[in-house]
Amino acid sequence: MFDSLFDILVTNLEKIKSKRVKLSNDLEEHHNENSSYTIKNWLFTSPQYRKWRITKLDGGDKIQVFNTVGYPSFNSELPIFGVDILWFGTSKKLLAVLDYQPLIQDKDYLDKYCKSINLIKKKYSEFDNTKMKKVYESNRFFSPWVIICRGDNNHLDKYLNTVFDLFLNKYLNMYESNSDNIFLNSQDIEEKHIEYDIYSSEKDPAGKLFKSFFGEKWTNQFIKNYLFTLSSG
Ligand code: BLA
């Protein structure tokens, strides 16, 4: 599932000359014991983005996931591109979270780099239909305009591809048109990326899920070597 999102993303990453980084076989594709859950991972890098990862989880009707995070290089203060999309086939429920994840919560920073999400929210207000619950603190690494959709087949078929495409292209264009950093220097940026990885590795509800599917040992190395590489100094 979510092949169209994957294609939109990879086509765009190729356009900006990203290179695919080879992952170990066990990270590239991994199954649980009876193969009812399969996880596939991809990693890209480019001069602009030091790390851009994509994860797809196929758990049949139980759960389908498309998760992607784009980290700019340490010489750009731009937000981190974060998208988490889940489909629960049995109940036909969609959860989609899309954000330009800010490195700091300074109002001018948020206005400059995150506020453009608002245009998408206004245009597709049916898709942006709920607020964040308490999994994450909304004021740490989330923007005030984070898009959250708890929806159904209709949201999936009618809006998801369009919203994702627009959300991605606005982000990539922002990078293209941005010149100098005005809020953070590269050392600050690196520190914020480390904080983001530590914070996310602690809060991400995926950890629990992965442990139940794939076991503690595989999950711990997955978090450390792939998902949040800067979380373990
Ligand atoms: C929520 N993400 C969730 C939940 C799960 C995952 C199981 C809780 C579902 C629920 O509340 O019904 C699952 N997250 C995953 C999986 C991966 C993952 C399988 O990362 C695989 C790698 N999460 C992100 C990123 C963002 C993000 C980059 O990984 C930012 C856009 C957001 N996920 C996010 C938020 C919630 C969530 C904000 C809670 C939604 C809410 O508060 O309602």
Q. Can you tell me how many residues in the stretch 48-73 are of a type in the set (Gly, Ala, Ser), within 11 Å of the ligand (Cβ to nearest atom) and touching a strand residue (DSSP E or B) at 6+ places or on another chain (Cβ under 7 Å)?
A. 1
Q | Within the stretch 130-233, helices (runs of 4 or more DSSP H) holding 3 or more residues that are more than 10 Å from the ligand (Cβ to nearest atom) and small (Gly, Ala, Ser) | A | none
Q.
Tell me which strands (runs of 3 or more DSSP E) are completely within the stretch 1-55 and hold 2 or more residues being in contact with a Leu (Cβ under 6 Å, 6 or more places away or on another chain) and closer than 19 Å to Thr219 by Cβ, or say none if there are none.
A. 38-45
Q) Can you tell me which residue in the stretch 94-108 is least open to solvent (accessible area, probe 1.4 Å), limited to those that are more than 15 Å from the ligand (Cβ to nearest atom) and within 19 Å of Ser200 (Cβ to Cβ)? A) Ile104
Q) Given Ser125, Ser91, Ser76, which one is touching a helix residue (DSSP H, G or I) at 6+ places or on another chain (Cβ under 8 Å), in a loop (DSSP other than H, G, I, E, B) and either within 8 Å of the ligand (Cβ to nearest atom) or hydroxyl-bearing (Ser, Thr, Tyr) (or both)? A) Ser76
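Any idea which of Lys217, Lys203, Lys192 is under 20 Å from the mean Cα position of the chain (by Cα), open to solvent by 60 Å² or more (accessible area, probe 1.4 Å) and not aliphatic (A, V, I, L, M)?
Result: Lys203 is the single residue among Lys217, Lys203, Lys192 that is under 20 Å from the mean Cα position of the chain (by Cα), open to solvent by 60 Å² or more (accessible area, probe 1.4 Å) and not aliphatic (A, V, I, L, M).
The values are calculated or read from the model by the stated rules, or taken from the named source; none is laboratory data. In this text the structure is predicted, and so the values were computed from the model without any measurement. Cβ sites come from the backbone with ideal geometry, for glycine too, and all protein chains shown count toward neighbours. Heavy atoms of the whole protein, side chains included, go into the accessibility calculation; ligands, DNA and RNA do not. Shrake-Rupley method; radii C 1.70, N 1.55, O 1.52, S 1.80 Å.
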